[in-house]
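Undergrad: Please read through the structure below; I'll follow up with questions.
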Amino acid sequence: MKRIAILAVIAISLTGCATETVPLTVGDDVLDMEFFQQATSSGNLDRCAEIVEATLAKECEAMVNASTMVEKAVANSDLSACKKINVDRYKENCTSRVNENIKIAKADEKRLSLEQEAVDSGNADACDKITSESQMVSCKFNVLAKKAAEENDPSLCDEIGEEESISKCKSAIQ
């Protein structure tokens, strides 16, 4: 009889344990961080919605949205889009990257303008204003190859100053 009573007490104790819910705060935190990492690395807002901790979920959404906005602004060189970003570090990164793109685009535009001017005038010396050595050689090639072809004079190719380009210029004429 004692044995049955002890087993009954144990059974009741175990049953009580089985129905209790154990808070998984550490487990939730780990899983939340995993979802956060997945969301921010993939840009998937759905993962942010799976985060239990409200503050982390909001931060996740803000970062994913900011990251998406940065990429669009950079792709379109749109500084006004950078100003709409609500996360300061992302806004600063966006502004910096867009300004760099604009600077590169302006330099390319200037280079192309100089090259077009040189080609139109037939003056290879105008290419000397181009700061990039490879672009300057390309400019001279375009000017002198056109001029050499028009005048049927391969010796004009020698003024390019770079052996591979000189060879290409001469072979295009012959």
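The values are calculated or read from the model by the stated rules, or taken from the named source; none is laboratory data. Remember, it's a predicted structure, so these values are computed and weren't measured experimentally. Note: ideal-geometry Cβ built from the backbone for every residue, glycine included; neighbour counts use all protein chains shown.
Undergrad: Write out, first by first residue and then by second, each pair whose Cβ atoms fall under 7 Å of each other, whose residues are 6+ apart or on separate chains, and whose first residue, in the range 147-160, is within 17 Å of SER121 (Cβ to Cβ) while the second is outside any helix (DSSP H, G or I) and modelled with pLDDT of 90 or more.
TA: So the pair list comes out as LYS147/GLY122.
Undergrad: Here's a follow-up. Can you say whether VAL52 is farther than 30 Å from ALA126 by Cβ, β-branched (Val, Ile, Thr) and part of a helix (DSSP H, G or I), as far as the supplied structure shows?
TA: Working: farther than 30 Å from ALA126 by Cβ: yes; β-branched (Val, Ile, Thr): yes; part of a helix (DSSP H, G or I): no.
When the stated conditions are applied, VAL52 does not pass them.
Undergrad: What number goes with the only condition from (1) in contact with a Leu (Cβ under 6 Å, 6 or more places away or on another chain); (2) closer than 30 Å to VAL64 by Cβ; (3) not aliphatic (A, V, I, L, M) that LYS147 does not pass?
TA: With (1) in contact with a Leu (Cβ under 6 Å, 6 or more places away or on another chain); (2) closer than 30 Å to VAL64 by Cβ; (3) not aliphatic (A, V, I, L, M) applied to LYS147, the lone miss is (2).
Undergrad: Which condition number in (1) in contact with a Cys (Cβ under 6 Å, 6 or more places away or on another chain); (2) of a type in the set (A, V, I, L, M); (3) within 30 Å of CYS82 (Cα to Cα) is the one that ILE130 fails?
TA: (3)
Undergrad: Residues that are more than 30 Å from GLU59 (Cβ to Cβ) and under 33 Å from the mean Cα position of the chain (by Cα), at least 1 per element: which helices (runs of 4 or more DSSP H) completely within the range 73-174 meet that?
TA: Working: elements: 79-83, 88-121, 133-151, 163-173.
Of the helices (runs of 4 or more DSSP H) lying wholly inside the range 73-174, those with at least 1 residues that are more than 30 Å from GLU59 (Cβ to Cβ) and under 33 Å from the mean Cα position of the chain (by Cα) span 88-121, 133-151.
Undergrad: Restricting the search to the range 63-87, which residues are without any contact (Cβ under 8 Å) to a residue 24 or more places away in the chain, polar (S, T, N, Q) and surrounded by fewer than 15 Cβ atoms within 10 Å (Cβ to Cβ)?
TA: Matches in the range 63-87: ASN76, SER80.
Undergrad: Does ALA118 satisfy the condition of being hydrophobic (A, V, I, L, M, F, W, C) and in contact with a helix residue (DSSP H, G or I) (Cβ under 8 Å, 6 or more places away or on another chain)? First the steps, then the outcome.
TA: Numbers: hydrophobic (A, V, I, L, M, F, W, C): yes; in contact with a helix residue (DSSP H, G or I) (Cβ under 8 Å, 6 or more places away or on another chain): yes.
So ALA118 passes the test.
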